[in-house]
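The values are calculated or read from the model by the stated rules, or taken from the named source; none is laboratory data. Nothing here was measured: the structure is a model prediction, and the numbers come from that model. Virtual Cβ from ideal backbone geometry, glycine too; neighbours counted across all protein chains shown. Note: areas computed on protein heavy atoms with side chains; ligands, DNA, RNA excluded. Shrake-Rupley method; radii C 1.70, N 1.55, O 1.52, S 1.80 Å.
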Amino acid sequence: MVQFYTTRGAVPHNLWDRLLDEATEEVGILVYVGMFLTEKPDLLDRLSGKANAGARIRILLGDRDSSAVKQRSIEEGIGRETISAKIDHANAFFRPLRGVTGIEVRCHSTVLYNSIYRFDREMIVNPHVYGKTAPMAPAMHLRKTATYGLFDTYAASFEAVWESSRPSEGRL
């Protein structure tokens, strides 16, 4: 573990940028929504550039109609359909990436215990807390080591969700 943050919101903006800028092989995003990502005006261009340079970009968004998404929305106290509507927003944001070689956007219907943001051999993991939104939950900056560790555990979790996902068509 490189650093522990008491909330995802406490992760420095320049760390997110550095991790993305330095990634050359793989970027993986596992979220229901990842709304804060849609606030980065150059993100789509940066991801496209990474893919054009040979990186594999995989984005997993929640299935807006899944029972897990509906339940999470209720547990956060924001209404049954709120996260689904946010997923619609995220799908619209990421839509221009569909069809870009090296980029895949899929949806998943898993219970999301953690959001995972992978950048080659580093990642930010945002464990979820019952009744709290993701920015209010802690975050861990992890780095892959020579021995099996936390990074590998969360990387395997990402892969398991990826294998159970399906291509995202979006609803908008």
Which of the residues belonging to region 36-58 are open to solvent by 60 Å² or more (accessible area, probe 1.4 Å) and within 15 Å of the chain's Cα centre (by Cα)? GLU39, ARG56
Just to be sure I understand the filter: pairs with C-beta atoms under 9 Å, separated by 6 or more residues or on different chains, first member in region 143-172 and acidic (Asp, Glu), second member at pLDDT 95 or above and open to solvent by 40 Å² or more (accessible area, probe 1.4 Å). Which pairs pass? ASP152/LYS144
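In this structure, does SER48 turn out to be free of Cβ contacts under 8 Å to residues at least 60 places away in the same chain and either farther than 30 Å from ARG18 by Cα or among the acidic types (Asp, Glu) (or both)?
No: the conditions fail for SER48.
Check whether at least one residue in region 24-35 is part of a loop (DSSP other than H, G, I, E, B) and open to solvent by 30 Å² or more (accessible area, probe 1.4 Å), and report yes or no. Write out each step before concluding.
Quick first cut of region 24-35, residues part of a loop (DSSP other than H, G, I, E, B) only: 24-25, 31-34.
If we keep only those that are open to solvent by 30 Å² or more (accessible area, probe 1.4 Å) as well, we get 24-25.
For region 24-35, residues part of a loop (DSSP other than H, G, I, E, B) and open to solvent by 30 Å² or more (accessible area, probe 1.4 Å): present.
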Looking only at residues that are in contact with a helix residue (DSSP H, G or I) (Cβ under 9 Å, 6 or more places away or on another chain) and in a loop (DSSP other than H, G, I, E, B) in region 47-63, which one is nearest to THR101 (Cα to Cα)? ALA55
Of the candidates SER84, SER48, the one satisfying the condition of being touching a Pro at 6+ places or on another chain (Cβ under 9 Å), among the polar types (S, T, N, Q) and over 17 Å from PRO135 (Cα atoms) is SER48
Within region 3-20, work out how many residues are loosely packed, with under 12 Cβ neighbours inside 10 Å, in a helix (DSSP H, G or I) and modelled with pLDDT of 95 or more. 1
